[in-house]
1. Could you compute the FRET efficiency for R112 and C53, with r as their C-beta to C-beta distance and R0 at 25 Å, rounded to 0.05?
2. Between V196, V95, V175, where does the largest GNM mean-square fluctuation fall for the chain, given springs only between Cα atoms within less than 10 Å?
3. Any chance you could give the angle, 0 to 90 degrees and rounded to 10, that helix 273-288 forms with the longest Cα principal axis of the chain?
4. How far, in degrees from 0 to 90, does helix 210-222 lean away from the longest principal axis of the Cα atoms of the chain, to the nearest 10?
5. Quick one: Cα centre-to-centre distance for region 46-90 and region 236-252, in angstrom?
6. Ignoring ligands, DNA and RNA, what percent of the accessible area of the chain is carbon or sulfur (1.4 Å)?
7. Just to be sure I understand, if you calculate semi-axes √(5λ) of the Cα gyration tensor in Å for this structure, which of (i) 34, 31, 14; (ii) 35, 25, 18; (iii) 30, 21, 19 do you get?
8. With everything on Cα atoms, drop me the angle between helix 160-177 and the longest principal axis of the chain, reported from 0 to 90° to the nearest 10.
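The values are calculated or read from the model by the stated rules, or taken from the named source; none is laboratory data. If you're wondering where the values come from, they're calculated on a predicted model, not measured in any experiment. So basically every Cβ, Gly included, is an ideal-geometry build from the backbone, and we count neighbours across all protein chains shown. Just so you know, the surface numbers come from the protein's heavy atoms only, side chains and all, with ligands and any DNA or RNA stripped out. Shrake-Rupley method; radii C 1.70, N 1.55, O 1.52, S 1.80 Å.
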Amino acid sequence: MTATIPTMTDSHSKTDGKNIGSVVRVVRPDRGDARPIVLSSPHSGRDYLPQLCAETRLPVEKLRRSEDAYVDLLIEGAPASGASLVCALFPRVFVDVNRAAGELDAGMYRDRVLGCAEPPSRRVACGLGVIPRVGSDGQSLYARRMNFANAQGRLSTFYEPYHQSLAAVIDEIRVRFGFAIVLDMHSMPEHSAPGVDFVLGDRFGQSSDHRITAALETGLREQGFVTVRNTPYAGGHTTEHYGKPDLGVHVVQLEINRALYLHESPVSMKPEFEAFHGKLQQFIKHFSQMNWEWLRPS
């Protein structure tokens, strides 16, 4: 990784932030300020380890196009508003934690693949399983097939610590408050939803109480943003796996239009980044400080 790629800091909040195995960044607010909110960023990691880069056939500048670039920086102030933060530090082009562990592409490996979900999901068929076969532009990442031990190593090193960390934060909040609200933060190419600033995905009401999605929509629109629900993104593995409203865990995926703050090629911040960052922080603060007591089980 080059020194010119910005990294997340804790400069905007009082936190007990820590890196877990240099794989996951967990930042918690002061206990007295804590709110029942978690912001996760599974796709903004940019720690391009040389050994992983050496396995691919594409240069880092092309690999970076698969990132939800700088989403972690956009939300890094959330703990100052009482929300917890969980961010992957590794690139999703190597391990995509917004996939199920069994979403493996058997064709990528020269030996037997264990734990592979059958039949393959649509995401695997498109080359975008838990170990992606292609980059964001559809280019093949690897010149040759790998040993399955490579995938197992990536899952144990990156995938499992991320989900262990996210699950632990969610469980702690749910036990303390009786419920937890997770905002799974992503970014989307401008062409994915022309004219739309945010896509809110709650799996058509299955992963979250509809009133939470409505509150997100209202808050964003008050900031002047254009929003739609569930099209073209209704949610991924995080919403599917953790979103269990009946058990008190509500998950909504937020896709941010990159054109608001990012040049996609080469990946770099636009001059508008700071202004957008400020508006997003205001939105996160407002949402976090809302009265969510009505979600507490009676």
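1. Efficiency, rounded to the nearest 0.05: 0.40.
2. Result: V175 has the largest fluctuation of those listed.
3. For 273-288 against the chain, the angle is about 60 degrees.
4. 80 degrees
5. Here the two parts' Cα centres lie 23 Å apart.
6. Exposed carbon and sulfur together represent 52 percent of the surface.
7. Step by step, semi-axes √(5λ) of the Cα gyration tensor in Å for this structure corresponds to label (iii).
8. 10 degrees
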